[in-house]
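The values are calculated or read from the model by the stated rules, or taken from the named source; none is laboratory data. None of the values given here were measured: they were computed from a predicted structure. Note: ideal-geometry Cβ built from the backbone for every residue, glycine included; neighbour counts use all protein chains shown.
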Amino acid sequence: MKRRKATTLFLALALGAGLFSANGANAALVSVLNGDAVYDTDLNVTWLANTNLAASNTFGVSGVGITWDGRMTWNTAQSWIGAMNTANYLGFNDWRLPTTLQPDASCSDQWFGISSGYGCTGSEMGHLFYNELGGVAGSSVLSSGDPDLALFQNGHPYYYYWSGTEYAANHDNAWSFGTNGGYQYSSNKDSYRLAWAVRPGNSAAVSAVPEPETYAMLLAGLGLLGFTARRKKNRAA
């Protein structure tokens, strides 16, 4: 009983210090890195807040190139991600394209172990569209009205985004996902799609240093716990 009370008091103090989220189960998307990225607590991945960074920053990628509105072929998208990592963008060098789960029982279309269509929440893009942003099959995610949409910028209502996952049945193709309707399908790698970077883990937890006030509040809480324990011990004596 004493340990349970002490644990409860510690958690209350930690919440006050901002070490934990009081509504963590309901706050699956969290703005991090001064608003430049968004952390998904469900999948433990961090998305760029700018959903079409390539339209304003090509990181020097040339060759086939990137169109004025940020679209590119799959191979160019891989080069763009590589250049982003070389630049250590936002302090990280492990950015990548999102993955697509295959097979995925949540997809509307199943064909010999290949999953496509609507409702594909097993893929990272599908999880973000349906589970986090309230997307509805056949409608643009921008029409969902979910407040977490405000965490992102430059969302395009018409284009598809590349996945980093190749199409197993034909390596000339790779998976793509449309935020214009939540549809997942394979595209020829020479097609032009947008590229949205994601990285593993919580970028804020890796890069951020807690404020001195946070340490002070936590230490004060621990001190209070110790004082309470000693007081009870003296009373018992």
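Within the group Gly181, Gly135, Gly126, which residue is farther than 16 Å from Leu43 by Cβ, crowded, with 17+ Cβ neighbours inside 10 Å and in contact (Cβ under 8 Å) with a residue 24 or more places away in the chain?
Working: Gly135 fails: farther than 16 Å from Leu43 by Cβ; Gly126 fails: farther than 16 Å from Leu43 by Cβ.
Answer to the check: Gly181.
Looking at Val198, is it aliphatic (A, V, I, L, M), buried (at least 17 other Cβ atoms within 10 Å of the Cβ) and either touching a Gly at 6+ places or on another chain (Cβ under 6 Å) or over 23 Å from Ala49 (Cβ atoms) (or both)?
Working: aliphatic (A, V, I, L, M): yes; buried (at least 17 other Cβ atoms within 10 Å of the Cβ): yes; either touching a Gly at 6+ places or on another chain (Cβ under 6 Å) or over 23 Å from Ala49 (Cβ atoms) (or both): no.
Judged against the criteria, Val198 is not a match.
Which of the residues that make up the stretch 85-115 are out of contact with any helix residue (DSSP H, G or I) (no Cβ under 8 Å at 6 or more places or on another chain) and under 18 Å from Asn50 (Cβ atoms)?
Result: Asn85, Ala87, Asn88, Tyr89.
Okay, residues lined up against (1) modelled with pLDDT under 95; (2) in a loop (DSSP other than H, G, I, E, B); (3) in the same structural domain as Trp196 (by TED's automatic domain parsing); (4) surrounded by 12 or more Cβ atoms within 10 Å (Cβ to Cβ):
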position	(1), (2), (3), (4)
Leu9	yes, no, no, yes
Gly16	yes, no, no, yes
Leu19	yes, yes, no, yes
Asn34	no, no, no, no
Ala54	no, no, yes, yes
Thr58	no, yes, yes, yes
Val64	yes, yes, yes, yes
Trp68	yes, yes, yes, no
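Among the residues that make up the stretch 107-117, is at least one of them part of a loop (DSSP other than H, G, I, E, B) and modelled with pLDDT of 95 or more?
yes
Looking at the stretch 84-93, is at least one residue in contact with a Leu (Cβ under 7 Å, 6 or more places away or on another chain), in a helix (DSSP H, G or I) and either surrounded by 16 or more Cβ atoms within 10 Å (Cβ to Cβ) or at pLDDT 95 or above (or both)? Quick ask: steps written out before the conclusion?
Here is the first cut: in the stretch 84-93, the residues in contact with a Leu (Cβ under 7 Å, 6 or more places away or on another chain) are 90.
Within this subset, residues satisfying the condition of being in a helix (DSSP H, G or I) are 90.
Keeping just the survivors that are either surrounded by 16 or more Cβ atoms within 10 Å (Cβ to Cβ) or at pLDDT 95 or above (or both) gives 90.
Taking every residue of the stretch 84-93 in turn, at least one turns out to be in contact with a Leu (Cβ under 7 Å, 6 or more places away or on another chain), in a helix (DSSP H, G or I) and either surrounded by 16 or more Cβ atoms within 10 Å (Cβ to Cβ) or at pLDDT 95 or above (or both).
Given Thr76, Thr100, which one is surrounded by 20 or more Cβ atoms within 10 Å (Cβ to Cβ), β-branched (Val, Ile, Thr) and not in a helix (DSSP H, G or I)?
Of the residues listed, the single one that is surrounded by 20 or more Cβ atoms within 10 Å (Cβ to Cβ), β-branched (Val, Ile, Thr) and not in a helix (DSSP H, G or I) is Thr100.
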